[in-house]
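Every number here is computed from the coordinates shown, using simple stated rules; none is lab data. For clarity, every value in this text was computed on a predicted model and none was experimentally measured. Quick reminder, even Gly has a Cβ in these numbers, built from the backbone with ideal geometry, and neighbours come from all protein chains shown.
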Amino acid sequence: MDNVDAPDSGILLFRNTMRITEGHLDAYREATERAVRFVEEHGPQVMVEVFIDEQKLLAHSFQMYRDSDSVRAHWKMSEPYIREVMKHCRVERFEVFGQPDSDVMAGVRNSLDDQVSPSFAARFTGFMRFDALRSER
C-alpha cells in the first residue's frame, strides 16, 4: 500500500470555485446533488464536499483523488453530470493541490475557458484522519 503521508504520495485535492448564475441557485443545487450522489456511488473520489455562499452566489467544490488515474476515471464517467452542473455556473478559480501527471494537468487547463488559469501547488506534508469523521460522538 502506498504511504499516503509521503509528499509524493499521488494524492490530489481539487478546489473549484464557481459563480452561480443569477436565478439558477435551485437548479445548480439539484444538478450538483445528482452529480455528487452519482460519484458517491460510482466515482473514484476519496472525498467530495460542496459549500455554497448564497449571498455571493459562490460555490466551492473540494474533491480528493488517490492519484491521476482516479481523476481520469472520474472525468470519463461523470462528463454528463459535469455538463449539467455547468449549465448553472461558471468557474472563477480552479486550484490543484498535489502533483498530477502531465495528462491531468493538460486536461485541467483544457477544461477551463481562457479567463481562468488554474493554479498548481505541490504537496509538502500532512496527514489524514478520515476514519475519525465516522466515529460516534
Exercise for the section: Report those strands (runs of 3 or more DSSP E) wholly inside the range 36-127 carrying at least 1 residues which are without any contact (Cβ under 8 Å) to a residue 24 or more places away in the chain and surrounded by 14 or more Cβ atoms within 10 Å (Cβ to Cβ). Expected result: 47-53
Problem - Tally, over the range 24-35, of residues that are within 28 Å of R129 (Cα to Cα) and either in contact (Cβ under 8 Å) with a residue 24 or more places away in the chain or surrounded by 19 or more Cβ atoms within 10 Å (Cβ to Cβ) (or both) - result: 3
Exercise for the section: For the range 14-23, state whether one or more residues are loosely packed, with under 12 Cβ neighbours inside 10 Å, within 26 Å of R129 (Cβ to Cβ) and among the aromatic types (F, W, Y). Expected result: no
